[in-house]
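Throughout, read-outs are computed from the coordinates displayed, never taken from laboratory work. It should be emphasised that the depicted structure is a prediction, and the values quoted were computed from it without experimental measurement. Every residue, glycine as well, gets a Cβ built from its backbone with ideal geometry; the counts of neighbours run over all protein chains shown.
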Amino acid sequence: MSITTQNPETPTHIKTLDELASFADYSLMDTLNCDLQAKKEGADHIAREVFSGHYVPVKPTPIEHPQYIAHSKSLFAELGFAESLAQSSDFIRMFSSDLSQVPKPLRNTGWATGYALSIYGTEYYQQCPFGTGNGYGDGRAVSVLEAVINGKRWEMQLKGAGKTPYCRGADGRAVLRSSVREFLAQEHMHALGIPTSRSLSLYVSKTEQVSRPWYREHSYSIDPEVMIAEPVAIATRVAPSFIRVGQIELFGRRARKNEHPKAMQELEQIVLHLIEREYSEDIDKDLPTTEKVLHLANAFRSRLTSLVAHWIRVGYCQGNFNSDNCAVGGFTLDYGPFGFCDVYDPRYQPWTGGGEHFSFLNQPHAAKKNFHTFCMALLPLLRDNKDAQGSLEEIDKGFDKVMQSKMTTMWASKLGLETFEATLFGALEVLMRQTTVDYTLFFRELSHIPEDIQALKKSFYHQTTDSQTLERWSLWLEKWRALIGTSPLSHEALSKQMKRVNPKYTLREWLLVPAYQQADEGNYALTRELQEVMTHPYDEQSKETEDTYYRRKPAELFQIAGISHISCSS
């Protein structure tokens with residue numbers, strides 16, 4: 001298999017959809033297996049079992065009367081897209097799901113892929129309507145383009161593009177609320193320097209609505225109480241590929257159980273395709289498959305552990321970190337019930353269905369479960385090589401050690417230390433919990449290297465903290481200042497370094513809610529303002545921006561449904 005690339009030294013400038021079309025290169029559809037029961041011309045919009053093949057051709061369902069909301073200026077610049085392209089009629093038509101008039105060699109049909117589901121390392125079948133696991137997959141996400149631009153491969157996928165065979169009875173749509181959240185979150189995470197799928201564009205239907213369960217205003221309910229009509233929207237997300245742990249797992253399960261004659265072949269094909277798409281710079285293409293598999297496991301372990309350490313660095317909780325929400329490229333994928341913590345809480349979990357196993361500081365262990373699932377999916381490819389099986393097992397067992405190393409390095413960097421100091425950090429962690437500290441504000445204020453705790457109190461939710469606790473804070477700060485005093489950097493240089501690790505702004509849910517509420521009424525100003533602020537999260541911004549976005553969560557918003565917790569994100 002060969003996947004074409006361009007000369008990366010030749011920058012592009014794409015002003016029209018016709019010009020974009022010349023960069024199309026559909027590697028997945030052209031090199032992997034199509035579902036044998038695929039419907040003609042992608043007319044495949046009814047839930048059914050998919051027994052084999054790597055993808056199903058699907059014609060996306062256009063949203064009615066699409067209207068522009070926003071596009072990613074940073075991604076447009078990286079791709080060489082003209083700013084005007086986002087609001088051109090043919091671009092809007094394509095990226096709001098209408099492929100009927102796309103110029104050649106763009107295709108009139110997109111594709112959806114299947115995957116398996118494991119929750120915290122346990123295989124699940126019963127959520128599949130057929131009870132077999134053959135119904136899991138992209139239920140409302142349809143990829144419509146692969147393109148090689150400036151030497152990099154990008155896959156462009158529409159979230160909310162209508163029903164696919166994996167829709168499991170749902171309507172295949174995404175609402176404006178969740179689309180605004182995902183669009184802004186991807187923009188923000190990229191600006192934070194954290195690997196992520198990227199936002200390309202966001203369009204809303206002027207007329208089409210769907211019903212979703214949600215909460216009454218100012219509700220404290222855990223479960224939604226009412227059905228509400230919400231505008232339909234489509235956010236286009238972009239990544240080198242959208243191959244998930246659950247996708248490799250699906251083919252691993254089929255090979256393990258010999259579910260069809262080509263099961264082993266399809267597993268090897270998808271794994272080699274993954275390596276070409278995501279790890280071609282890390283793994284020599286001339287190596288035998290066995291060695292490629294071991295290199296892949298090592299490389300993914302490194303990326304996954306780094307990713308999770310980054311999440312915790314900025315206070316991010318994925319909320320629902322199943323195998324199907326874990327990208328094998330090692331980046332953040334599927335912004336459903338995610339959240340950035342306000343109060344530091346190891347057990348913080350924004351999703352009411354997530355439980356402690358997907359909580360903030362349990363994310364390293366959740367990642368370990370996904371990595372083990374991934375290794376087990378690769379195992380059939382090594383069935384004739386005991387030594388390779390042993391090597392894969394050692395890579396799997398080594399996850400904890402690598403994860404711990406990434407975590408201690410991360411904590412040291414947040415504290416401006418060259419090496420991790422367990423005693424100092426342990427005392428800090430207890431103080432942060434007992435004092436009810438705002439996670440983002442505390443570390444940003446610490447980055448100023450304060451002489452006393454007065455500045456740190458800006459992050460305390462309870463301003464009447466007792467004198468004994470304040471004295472413990474003062475003693476901790478004194479010990480910390482003594483340690484950083486041994487740094488070869490000046491305080492000014494160290495402060496700058498810490499501010500590049502500890503963001504000033506994070507995308508809290510209570511900031512998002514007014515944006516999507518106003519967007520629901522046709523006002524997109526706050527969405528665009530948040531995009532601007534949150535794409536510069538480490539910068540000192542205006543006094544007005546600081547007063548609005550650099551502050552503790554208002555007391556009256558705690559425990560409010562849809563702000564402090566969510567049960568769905570559709």
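Panel order for 98, 138, 438, by other beta carbons found within 10 Å of each beta carbon, from fewest to most: 98, 438, 138.
In order along the range 68-79, phi translates into HN-Hα couplings of 5, 10, 6, 9, 7, 5, 5, 6, 4, 5, 5, 7 Hz, rounded to whole numbers, per the Karplus curve 6.51 cos²θ - 1.76 cosθ + 1.60 with θ = phi - 60° and x for Gly and Pro.
Converting phi to 3J(HN,Hα) with the Karplus coefficients 6.51, -1.76 and 1.60 and the offset θ = phi - 60°, the range 238-250 yields 9, 7, x, 7, 10, 6, 10, 3, x, 6, 4, 4, 4 Hz in sequence order, with x at every glycine or proline.
Rounded to the nearest 10 degrees, the inclination of helix 289-314 to the longest alpha-carbon principal axis of the chain is 40 degrees. Couplings for the range 271-286, taken from phi via the Karplus curve 6.51 cos²θ - 1.76 cosθ + 1.60 with θ = phi - 60°, read 5, 5, 5, 4, 4, 4, 6, 10, 10, 5, 7, 9, 10, 4, 5, 8 Hz in order; Gly and Pro are left as x. Once backbone amide H atoms are built at 1.01 Å from N, residue 130 has 135 as its partners under 5 Å, excluding neighbours fewer than 5 places away on the same chain.
Think of the chain as having a plus end and a minus end, set by charges on the Cβ of Lys, Arg, Asp and Glu; of 373, 359, 436, 373 sits farthest toward the positive end of this dipole. Helix 422-435 and the longest principal axis of the Cα set of the chain meet at an angle near 90°.
Amide H contacts of residue 14 (H built 1.01 Å from N, in plane; Pro and chain starts excluded): 81, 82 sit under 5 Å, all sequence-distant by 5 or more or on other chains. Taking 12 Å as the straight-line reach from the Cα of residue 499, the aspartates and glutamates in range (excluding those fewer than 8 positions away in the same chain) are 445, 539, 540.
Ordering of 413-422, 179-188 by packing is 179-188, 413-422, highest average first (other Cβ atoms within 10 Å, averaged per residue). If the chain linking residue 404 and residue 429 were pulled fully straight, counting 0.36 nm for each residue of separation and taking away their Cα-Cα distance, it would gain 7.4 nm.
Between the Cα long axis of helix 525-534 and the first principal axis of the chain there is an angle of about 70°, rounded to the nearest 10.
Taken about its Cα centre, the chain carries a charge dipole of roughly 520 debye when the Cβ of each Lys and Arg holds +1 and the Cβ of each Asp and Glu holds -1.
Near the amide H of residue 244, within less than 5 Å, lie the amide hydrogens of 328, all on another chain or at least 5 residues away, with H placed in the peptide plane. Per DSSP helix of 4 or more residues, -39500 (n - 2.57); summed, then divided by the residues of the chain. What does that give at 222 nm, rounded to the nearest 500? Helix-only estimate at 222 nm: -11500 deg cm²/dmol. Tell me which label goes with the value of Cα extents along the principal axes in Å computed from the coordinates here: [x] 82, 55, 49; [y] 73, 60, 51; [z] 100, 55, 49. Here the calculated entry is [y]. Of the cross-linked pairs 152/397; 458/479; 40/163, which ones have a Cα-Cα span greater than 24 Å in the structure shown? In this structure, 152/397 lie more than 24 Å apart at Cα. Residue 496: which lysines have alpha carbons under 19 Å from its alpha carbon, excluding same-chain residues fewer than 8 sequence positions away? Within the straight-line limit of under 19 Å, residue 496 reaches these lysines: 414, 504.
Look at 222, 228 and count the other Cβ atoms within 10 Å of each Cβ; fewest to most, that gives 222, 228. Bridgeable aspartates and glutamates around residue 159 (alpha carbons under 13 Å apart, same-chain partners fewer than 8 residues away excluded): 138, 171, 182, 334. Residue exposure proxy: 173, 216, 508, ordered by other Cβ atoms within 10 angstrom of their Cβ from fewest to most, comes out as 216, 508, 173.
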